[in-house]
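*Asks:* What follows is a structure written as structure tokens; I'll ask about it next.
The values are calculated or read from the model by the stated rules, or taken from the named source; none is laboratory data. Keep in mind the model is a prediction, meaning the values are calculated, not measured. FYI the Cβ positions are ideal-geometry reconstructions off the backbone, even for glycines, and counts take in every protein chain you see.
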Amino acid sequence: MGGGGGGGVAGGGGAEDGGHGEAEGGPVTIADREAEEAMDSVILKSFPSHAVFSEENGWRCIEKSDDYVCVLDPMDGTKSFITGKPLFGTLISLLYNGKPVF
């Protein structure tokens with residue numbers, strides 16, 4: 001990850017100055033945003049007909065698709081990540097016509 005390192009918090013500042021950002025539901029780190037951008041990019045390049053809904057970026061798609069939607073939360077457990085606790089993970093799901101595939 002580029003920028004100021006994975007532990008920085010995006011928003012009012014970054015890793016360099018210890019600033020904190022808040023999404024609607026809680027803190028958002030630089031690692032959250034960079035991981036989400038990387039995942040969005042790979043999915044949209046590999047599956048251009050799929051839509052992507054991710055926690056920070058919302059809806060993204062190259063071509064309009066009602067069939068497949070990838071739902072992403074690249075870092076569930078941001079508060080644990082910020083405090084150095086290994087209690088966070090990546091959540092990804094694929095929906096087909098609104099029903100979970102995985």
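*Asks:* Output the residues belonging to the range 63-81 that are over 26 Å from residue 46 (Cα atoms) and either touching a His at 6+ places or on another chain (Cβ under 9 Å) or hydroxyl-bearing (Ser, Thr, Tyr) (or both).
*Replies:* Narrowing the range 63-81 to residues over 26 Å from residue 46 (Cα atoms): 77-81.
Of everything in the range 63-81, those that are over 26 Å from residue 46 (Cα atoms) and either touching a His at 6+ places or on another chain (Cβ under 9 Å) or hydroxyl-bearing (Ser, Thr, Tyr) (or both) turn out to be 78, 80.
*Asks:* A follow-up question, please. In the range 70-83, what residues are free of Cβ contacts under 8 Å to residues at least 40 places away in the same chain and out of contact with any Gly (no Cβ under 8 Å at 6 or more places or on another chain)?
*Replies:* 70, 71, 72, 73, 80, 83
*Asks:* Inside the range 45-84, can you point out the residues that are modelled with pLDDT under 90 and acidic (Asp, Glu)?
*Replies:* 55, 56, 63, 66
*Asks:* Ok, one more. Could you list, in sequence order, the residues of the range 76-102 that are touching a Pro at 6+ places or on another chain (Cβ under 7 Å) and aliphatic (A, V, I, L, M)?
*Replies:* So the first thing to find is which residues in the range 76-102 are touching a Pro at 6+ places or on another chain (Cβ under 7 Å), and the list is 78-79, 82, 90, 93.
Matches in the range 76-102: 82 only.
*Asks:* Test residue 87 against the stated conditions and say whether it is in a loop (DSSP other than H, G, I, E, B), modelled with pLDDT of 90 or more and of a type in the set (A, V, I, L, M).
*Replies:* Working: in a loop (DSSP other than H, G, I, E, B): yes; modelled with pLDDT of 90 or more: yes; of a type in the set (A, V, I, L, M): yes.
So residue 87 passes the test.
*Asks:* Can you run down the residue pairs with Cβ atoms below 8 Å, 6 or more apart or on separate chains, where the first is in the range 87-102 and more than 18 Å from residue 43 (Cα to Cα) and the partner is among the charged types (D, E, K, R)?
*Replies:* Every condition considered, the pairs that remain are 88/76; 89/76.
*Asks:* Within the range 23-39, which residues are assigned to a helix (DSSP H, G or I) and either under 8 Å from the mean Cα position of the chain (by Cα) or crowded, with 20+ Cβ neighbours inside 10 Å (or both)? Walk me through it before giving the result.
*Replies:* Here is the first cut: in the range 23-39, the residues assigned to a helix (DSSP H, G or I) are 30-39.
Matches in the range 23-39: 30, 31, 32, 33, 34, 35, 36, 37, 39.
*Asks:* Let me ask you something else. Among the residues of the range 82-95, what is the count of those that are surrounded by 12 or more Cβ atoms within 10 Å (Cβ to Cβ) and over 10 Å from residue 71 (Cα atoms)? Let's see the steps before the verdict.
*Replies:* We begin by selecting, within the range 82-95, every residue surrounded by 12 or more Cβ atoms within 10 Å (Cβ to Cβ); these are 82, 88-95.
So of that shortlist, the ones also over 10 Å from residue 71 (Cα atoms) come out as 82, 88-90.
Result for the range 82-95: 4.
*Asks:* Report the residue count in the range 40-61 for those that are in a loop (DSSP other than H, G, I, E, B) and either out of contact with any Ser or Thr (no Cβ under 8 Å at 6 or more places or on another chain) or surrounded by 14 or more Cβ atoms within 10 Å (Cβ to Cβ) (or both). Even if it seems obvious, please write down each step before you answer.
*Replies:* Step one: filter the range 40-61 for residues in a loop (DSSP other than H, G, I, E, B), giving 47-50, 55-57, 61.
Going one step further and asking which of them are either out of contact with any Ser or Thr (no Cβ under 8 Å at 6 or more places or on another chain) or surrounded by 14 or more Cβ atoms within 10 Å (Cβ to Cβ) (or both), we end up with 47-48, 50, 55-57, 61.
Within the range 40-61, residues that are in a loop (DSSP other than H, G, I, E, B) and either out of contact with any Ser or Thr (no Cβ under 8 Å at 6 or more places or on another chain) or surrounded by 14 or more Cβ atoms within 10 Å (Cβ to Cβ) (or both) number 7.
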